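Everything on this sheet refers to the single structure shown next.
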Amino acid sequence: MAAAAQKILGNQEARESAKNFFADADASRAGTTDEIPSALKAGKSVSIVGGNAFAYDYKVTAQLIALTKQCIKLLGASIAHEKDIQDAAWEVMKEPGIDADDRFKSFAGLLEEALKSTTFITNNYAVRLVEPITSATIGPVRIRMSNDIAAEFAASDVPLRIVTDGGQGSLKDGKITASLTPICWEVDLRATARRGEYLAKRMVNISLSLIRLVSLKAPITPGLPPYGSTEPDPFVAPQMERAHIRKRENGISWGGLELSRRYEIDKNIADRLSEKEFQASVALIFEPKNKSIGERVARGLHWMARARQSVDPAERFLLAFTAIEALLSADSVTAPVVDTVARRTGTILALSPKDRQDIFQDIKSLYTTRSDLVHRGIAEVSDSDARRLEYFTDSIYSKVIGGTNLETACTEFHKSLDQSGFGSEWPPANKQSPTASTA
């Protein structure tokens, strides 16, 4: 039995929740579809599965929610969608008279099937490939020419044709025509159907932040979006024009043309992305050990990208702080977050006590703005503060990825920062990462 099914079948709470749902759902079967109007008038909910109608009250709904919560807890909200779990629960109710244990096994099997490895392909609006580069790989995320993928489908038995001429997708004579941008994303993932795009975007966001960190160290980076610029959504076509009219006492003005800059992968950047050390670090980020530095880094890289994609400086500011705290905050909820994060930032980015104290005070000052925003709703965040925090975030992650072993437990990582906080070098010279990368 595969991993997802084992987690479900081996959990007693999930088993009990499922049996309760199965029993009451079975009792709610409608004899005929003619009963549905009266059931709806009586305030009941109705589900039709495989030609079978079920008319049920809040009790069945509550039991289904309880089962869903248990499954989300076991599988993870980032890969399992609640509606997909509920669809699986109703699916095993099609046939009456089935033993509850057998239904439970079928239910777990459906979830296992839903979580099988999938390749997610979609439009790419965030990265350009510069000739002669035709692809780039960052762990399970690939940036490819759509024509190359189209050729692969054309040579297969899959009834799908890909076009890159900007036309509309269609279904004709049993064959699907899909339209993609000339450069696309190809992401390997495991998620239920309704979570596929969400998880793919998280993984793409991680890869975009890694591309940024690599590009920042390159000697020439013409395609690097500058600090403070709004990056495009990686999957959605950017608005070329945000038209607006400004009316004033002395006249009117019109404007709004805005182009988002994309990352460019030329041979220089492609070579850096292909380096063995970098790929080793990427593997520890996309498939991290539990409670390791790599796990924290993966979370933060996503929030860094989300910050850069926001047009609102206050939102950029909050998301950038989320990225910093994802890496530097302690597991203990009682630890003083502000002082801890500010002190650890100084330790990472500076050596002398004075420089570390300056950074400590700088971060604490930015935290004051954050506190006003979060606790009082005062959205007075300047563009310069948002840019400054973005710079701190890039610098922190570049130093950590390039100078630590990402397999290290996060508690050990934090301990080393705290021990080095009084003027000694960090990371210690004898603890440099064997996977230190160009990031």
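The values are calculated or read from the model by the stated rules, or taken from the named source; none is laboratory data. Please read all numbers here as calculations on a predicted model, not as lab measurements. For neighbour counting, all protein chains shown are included, and Cβ atoms are generated from backbone atoms with ideal geometry for every residue, glycine included.
Table: residues versus (1) more than 25 Å from Gly109 (Cβ to Cβ); (2) touching a residue at least 24 places away in the same chain (Cβ under 8 Å); (3) surrounded by 18 or more Cβ atoms within 10 Å (Cβ to Cβ).
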residue: Gln12; (1), (2), (3): no, no, no
residue: Asn20; (1), (2), (3): no, yes, yes
residue: Asn52; (1), (2), (3): no, yes, no
residue: Tyr56; (1), (2), (3): no, yes, yes
residue: Leu64; (1), (2), (3): no, yes, yes
residue: Ile85; (1), (2), (3): no, yes, yes
residue: Ala89; (1), (2), (3): no, yes, yes
Assess whether Gly109 counts as being outside the structural domain of Gly294 (by TED's automatic domain parsing), more than 20 Å from Pro182 (Cα to Cα), surrounded by fewer than 21 Cβ atoms within 10 Å (Cβ to Cβ) and touching a Ser or Thr at 6+ places or on another chain (Cβ under 8 Å). no
The one condition Ile98 fails out of (1) part of a helix (DSSP H, G or I); (2) surrounded by fewer than 17 Cβ atoms within 10 Å (Cβ to Cβ) is (1)
Looking at the structure I just gave you, is Ile378 β-branched (Val, Ile, Thr), surrounded by fewer than 13 Cβ atoms within 10 Å (Cβ to Cβ) and farther than 14 Å from Phe422 by Cα? yes
Counted residues in segment 351-370 being small (Gly, Ala, Ser) and at pLDDT 95 or above come to 1
Check segment 384-406 and report whether any residue there is surrounded by fewer than 14 Cβ atoms within 10 Å (Cβ to Cβ), modelled with pLDDT of 90 or more and either more than 30 Å from Val282 (Cα to Cα) or in contact with a helix residue (DSSP H, G or I) (Cβ under 9 Å, 6 or more places away or on another chain) (or both). yes
Does at least one position in segment 120-127 carry a residue that is in contact with a strand residue (DSSP E or B) (Cβ under 6 Å, 6 or more places away or on another chain), surrounded by 19 or more Cβ atoms within 10 Å (Cβ to Cβ) and in a loop (DSSP other than H, G, I, E, B)? yes
A careful count of residues in segment 370-400 that are over 21 Å from Thr230 (Cα atoms) and touching a Ser or Thr at 6+ places or on another chain (Cβ under 9 Å) gives 1
Which residues, taken from segment 327-348, are surrounded by fewer than 18 Cβ atoms within 10 Å (Cβ to Cβ) and in a helix (DSSP H, G or I)? Val337, Val338, Asp339
Regarding segment 39-48, can at least one residue be identified that is assigned to a helix (DSSP H, G or I), surrounded by 12 or more Cβ atoms within 10 Å (Cβ to Cβ) and assigned by TED's automatic domain parsing to the domain that holds Phe107? yes
Scan of segment 281-326 for residues that are of a type in the set (Asp, Glu) and in a helix (DSSP H, G or I), ordered by number: Glu295, Glu315, Glu325
